[in-house]
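K.L.:
Below is the structure I would like to discuss, written out as structure tokens.
The values are calculated or read from the model by the stated rules, or taken from the named source; none is laboratory data. Quick caveat: nothing in here was measured; it's all calculated off a predicted structure. Cβ placement follows ideal geometry from the backbone for every residue including glycine, while neighbour counts extend to all protein chains displayed. Please note that ligands, DNA and RNA were not included when accessible areas were found on the heavy atoms of the full protein model with its side chains. Shrake-Rupley method; radii C 1.70, N 1.55, O 1.52, S 1.80 Å.
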Amino acid sequence: MTETRPPCPPFTAETAAQKVRAAEDGWNSRDPARVALAYTPDSVWRNRAEFLTGRADIENFLKQKWQRELDYRLIKELWAHDGNRIAVRFAYEWHDGSGQWYRSYGNENWEFEANGLMRRRIASINDLAIREEDRKFHWPLGRRPDDHPCLSDLGL
């Protein structure tokens, strides 16, 4: 049986936004195995200066990421879409083991197979140290509540 992960391309504004929110929800679960299933078995990533290929690499990368990036909360926002591609901007907040908080800003370019699995992810990310009182993402760990402001509403 072929895996599918709706919505599938070609994307409309509505289905691209659904895909972005589903990705955000997955990443906010901080469950590497669950997140890895959204990608093709041979998916190719560039994440900052790291290059990954395949679900096993992705899952291992995410395990390590969420061991370092504690209390991780992410917001993704659709930037553009065309056919089987989606561009996203995002920000996430986290702290390290010493308690220093960060807001990480970035952009991702996604390319999908016809079955809705992502075959390519290219991410550029910058980290900004912030004070705890400057945090903007305060929901309980897990899925961002539907009534929580988006990046644009937060001025990010």
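K.L.:
Non-local amide H neighbours of Leu117 (under 5 Å, H modeled in plane, Pro and chain starts lacking H): which ones?
P.N.:
Amide H neighbours of Leu117, under 5 Å, 5+ apart: Arg5.
K.L.:
Place a point 7 Å from Cα of Arg21 in the direction of its Cβ. Which residues in the range 77-100 have their backbone N less than 15 Å from it?
P.N.:
What the label zone holds, given the 15 Å backbone N cut-off, is 77-79.
K.L.:
Determine ³J(HN,Hα), in whole Hz, for all residues of the range 102-107 in sequence, where each value follows from phi through the Karplus function 6.51 cos²θ - 1.76 cosθ + 1.60 and θ = phi - 60°; x replaces Gly and Pro.
P.N.:
After applying 6.51 cos²θ - 1.76 cosθ + 1.60, I find 9, 10, 9, 10, x, 10 Hz.
K.L.:
Classify the range 58-113 from the C-alpha gyration tensor, please: rounded if a/c falls under 1.5, else prolate or oblate depending on whether a/b exceeds b/c.
P.N.:
It is oblate, given that a/c is not under 1.5 and a/b is not larger than b/c.
K.L.:
Most fluctuating residue of Pro32, Pro41, Pro140 in a GNM of the chain with Cα springs under 10 Å: which is it?
P.N.:
Residue with maximal mean-square fluctuation among Pro32, Pro41, Pro140: Pro140.
K.L.:
Still on this structure, please answer the following. Label 7 Å along Cα→Cβ of Asp146; the range 1-40 residues with amide nitrogen under 18 Å?
P.N.:
7, 14-26
K.L.:
In nm, give the distance between the simple-model label positions of Gln67 and His138, each being 7 Å from the Cα along the Cα-to-Cβ direction.
P.N.:
3.3
K.L.:
How much of the DSSP bridge set in the chain is antiparallel, in percent, rounded to the nearest 5?
P.N.:
DSSP beta bridges in the chain are roughly 90 percent antiparallel.
K.L.:
State in Å² the accessible area per residue of the chain; use a 1.4 Å probe, count heavy atoms of protein chains only, and round to the nearest integer.
P.N.:
Values: 8050 Å² over 156 residues.
Here the residues of the chain average 52 Å² of exposed surface.
K.L.:
A further question on this structure: Between Asn47 and residues 5 or more places away or on another chain, which pairs have amide H atoms under 5 Å apart, with H built 1.01 Å from N, and which residues are they?
P.N.:
Leu52, Ala123
K.L.:
Could you derive backbone 3J(HN,Hα) for the range 110-126 from the dihedral phi with the Karplus parameters 6.51, -1.76 and 1.60 (θ = phi - 60°), listing whole Hz in sequence and x where the residue is Gly or Pro?
P.N.:
Karplus values, whole Hz, x for Gly and Pro: 10, 10, 10, 6, 4, 7, x, 7, 7, 9, 9, 9, 10, 10, 10, 9, 10.
K.L.:
Run the numbers on the chain and let me know its relative contact order in percent, using alpha-carbon pairs under 8 Å that are six or more apart.
P.N.:
27
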